[in-house]
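First up is the structure itself, then whatever we jot down about it.
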Amino acid sequence: MTDQLLVFDTTLRDGEQSPGASMTCEEKVRIARALERLRVDVIEAGFPIASPDDFKAVKAVAEAITESRVCGLARALTKDIDRAAEALKSAKAARIHTFIATSPIHMREKLRMGADDVLANAVKAVQYARKFTDDVEFSAEDAGRSDPDFLCRVMEAVIAAGARTVNIPDTVGYSVPAQFGQLVASLMNRVPNADKAIFSVHCHNDLGLAVANSLAAVLQGARQVECTINGLGERAGNAALEEIVMAVRTRRDVFACDTGIQTAHIVTASRLVSTITGFAVQPNKAIVGANAFAHEAGIHQDGVIKNRETYEIMRAEDVGWSANRMVLGKHSGRNAFRARLAEIGVTLKDDAALNQAFERFKELADKKHEIFDEDLQALVSEGAILAVESVKLTSLEVASGTGTKPHARICLAWDGREQAAEAHGGGPVDAAFRAIEAVVGSGASLSLYAVNAITSGTDAQGEVTVRLEREGRIVNGHGADTDIVLASAKAYLNALNKLLVPDNRTHPQSPRAI
Ligand code: KIV
Ligand code: ZN
């Protein structure tokens, strides 16, 4: 008999905590829809008390999603739980996820609380959350470094208080597989009411072991894994959803369980998350990297041609490679455009949004022969950017070439009026950025500039990621265009637009966490 392994996706919460990965409400709903298409069991949509925008995003996801359970995070505080419950009110199926740290270092240094108080707060939080929903999850933050005896007491008490899922996070990515699996096994054996809850794991990747630790726990009976698309997350990230799902599926002989994930949508979801966050996927990343199914060495190619199983343990099409590369072009009409958007999981909010997106599609089709799914995602993202722009590009001209000093002239709509500036630079992109700063004067420093071709061919759109930093705040911006300099200017402006919005979010795990 195969057990079900529940997939709890936290791309929108823990993934978004990654510096520079913040997303707009509309972007979160778009990713939530892609997760729903994947048939993720639980979507952690955010931390509603963090800010009004976070609250709004969790609410919007709760309203949009019907097939997956929608979850909101809350510290073990009634005010957090109230806010989460309010944001989740309209969810078809809601979960409240409450947590408190249980490791000696976190209790002593961060919470400044004794173990008994931590336990009492955990129980109170679970009981309080149960007033709003039957589906309450409790996490013992930094369980990986907690005393197993204390963890047993906490787990027993929160299960008795009504937690249906108990989560063992390796918050700082300190665990190693054999030991982490052993921890989960011992908790499941020693906690007297362990059979009344699902044991879950949530692993961070600081030692590159997040997926291995999660799978070690699954082998010991954990039946929920918390993960993110592309392994997005703070520092080295969280366990990657696609890797866990495909490991369990490919090695059914080892894992006595399987997920309900529709794996053919994995690549689309991966691209969407990377386009929206601007976090590129490394080419050799398992499952979703551009080289994950590419065979270079002649001997491998020969083997694959004779029998693919000589070197391939999974089929590329099973995770969505090549399956959805149907192209649109200059002559494609609005219906084909709308249908393709729907197939890749994009629903625009009304006819006006569709018309605007279709206009941009036509402009792109004039410049580019074939339009791929990746182009469509970038195009829709660009529409979303426009909706929140406070500084907008009106025009950009650049001149560069042998023997000339690169020069840019830019015209921006900023501060309620059109403003122009010119600048020289080391190259056309540098000149364009300097011209933008001559108008806006943000004082930000550029800490990352990356260009990636969205598709192949010399007419491919370049997708540019720009990371800006100012006073400790980090934002990523992205832009796409067949003209790299224009894509770069769009990316820079996108990052600036994010930087110009004040950020007063509360981080769930900050030292002020209680
Ligand atoms: O890593 C962690 O401990 C968390 C908890 C809030 C579950 O993200
Ligand atoms: Zn985490």
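Its residue count N sets the reference 2.2 N^0.38 Å, and the alpha-carbon radius of gyration of segment 334-386 equals 1.01 times that reference. With θ taken as phi - 60° and the Karplus curve 6.51 cos²θ - 1.76 cosθ + 1.60 applied, the whole-hertz 3J(HN,Hα) list for segment 242-255 is 5, 6, 5, 4, 6, 5, 5, 6, 6, 10, 4, 5, 9, 9 Hz, x standing for glycine and proline. Contact order, relative form, for segment 390-499: 19 percent (alpha carbon pairs under 8 Å, 6 or more residues apart, mean separation divided by residue count). The label point for Asp147 and the one for His369, both projected 7 Å from the Cα toward the Cβ, are 6.9 nm apart. Note on segment 390-499: Rg/Rh from Cα positions, Kirkwood definition for Rh, rounded to two decimals, is 0.96.
Judged by the ratio a/c of the largest to the smallest principal axis of the C-alpha gyration tensor, segment 158-285 counts as prolate, that ratio being 1.5 or greater while a/b is larger than b/c. If you plug the beta carbon distance of Glu67 and Ala286 into 1/(1 + (r/R0)^6) with R0 = 22 Å, you get a FRET efficiency near 0.25. On a 28 Å Cα-Cα criterion, which of the cross-link pairs Lys28/Lys362; Lys28/Lys196; Lys56/Lys196; Lys28/Lys124; Lys56/Lys498 come out too long? With Cα atoms farther than 28 Å apart: Lys28/Lys196; Lys56/Lys196; Lys28/Lys124.
Database remark: amide H of Glu312 closer than 5 angstrom to no amide H (H placed geometrically; neighbours at sequence offset of 5 or more, or on other chains; Pro and chain starts carry no H). Taking a straight Cα-Cα cut-off under 19 Å and skipping sequence neighbours fewer than 8 places away in the same chain, the aspartates and glutamates within cross-link reach of Lys368 are Glu359, Glu382, Asp459, Glu463, Asp481, Asp483. Express in whole angstrom the spacing between the alpha-carbon centres of segment 220-296 and segment 1-42. Answer, in whole Å: 12.
Per residue, the convex hull spanned by the alpha carbons of segment 26-164 comes to 107 Å³. Sequence-ordered 3J(HN,Hα) estimates for segment 341-356 from the Karplus curve with 6.51, -1.76 and 1.60 and θ = phi - 60° stand at 4, 4, 5, 9, x, 9, 10, 8, 5, 7, 5, 4, 5, 5, 4, 5 Hz, glycine and proline given as x. Think of a 1.4 Å ball rolled over the protein heavy atoms: the chain then has 42 Å² of accessible area per residue.
Averaging 1/r over each pair of different alpha-carbon atoms in segment 345-417 and inverting the result gives 14.8 Å, the Kirkwood hydrodynamic radius. Here the relative contact order of the chain, from alpha carbon pairs under 8 Å that lie six or more residues apart, stands at 12 percent. Near Ile168, the amide H atoms lying under 5 Å from its own belong to Ser200, Val201, His202; only residues 5 or more places off or on other chains count, and H is placed 1.01 Å from N. Note on segment 393-433: Cα Rg divided by 2.2 N^0.38 Å, N the number of residues, gives 1.22.
Using the Cβ-Cβ distance between Ala352 and Lys79 with R0 set to 25 Å, the FRET efficiency from 1/(1 + (r/R0)^6) comes to roughly 0.05. How many angstrom lie between the Cα centre of segment 335-367 and the Cα centre of segment 139-170? Measuring centre to centre over Cα atoms gives 47 Å.
Less than 5 angstrom separates the built amide H of Glu141 from those of Ile100, Ala101, Thr102, all sequence-distant by 5 or more or on a different chain. Roughly how many Å is it from the Cα centre of segment 396-468 to that of segment 77-136, as a whole number? Computed from Cα coordinates, the inter-centre distance equals 46 Å.
What translational D, rounded to a whole number of µm²/s, comes out for segment 3-277 from Stokes-Einstein when the hydrodynamic radius is the Kirkwood one over Cα pairs, at 4 °C and 1.567 mPa s? The Stokes-Einstein estimate is 71 µm²/s. Per 20 Å bin, what is the whole-percent P(r) computed from every C-alpha pair distance within the chain? Calculated over all Cα pairs of the chain, the distribution is 22, 52, 24, 2 percent.
The values are calculated or read from the model by the stated rules, or taken from the named source; none is laboratory data. Values in this document were obtained by computation on a predicted structure and should not be read as measured data. Using ideal geometry, Cβ is built from the backbone for each residue, glycine included, and neighbour counts are taken over all protein chains shown. For the accessible areas, the whole protein counts, side chains as well, though only heavy atoms, and no ligand, DNA or RNA atoms are used. Shrake-Rupley method; radii C 1.70, N 1.55, O 1.52, S 1.80 Å.
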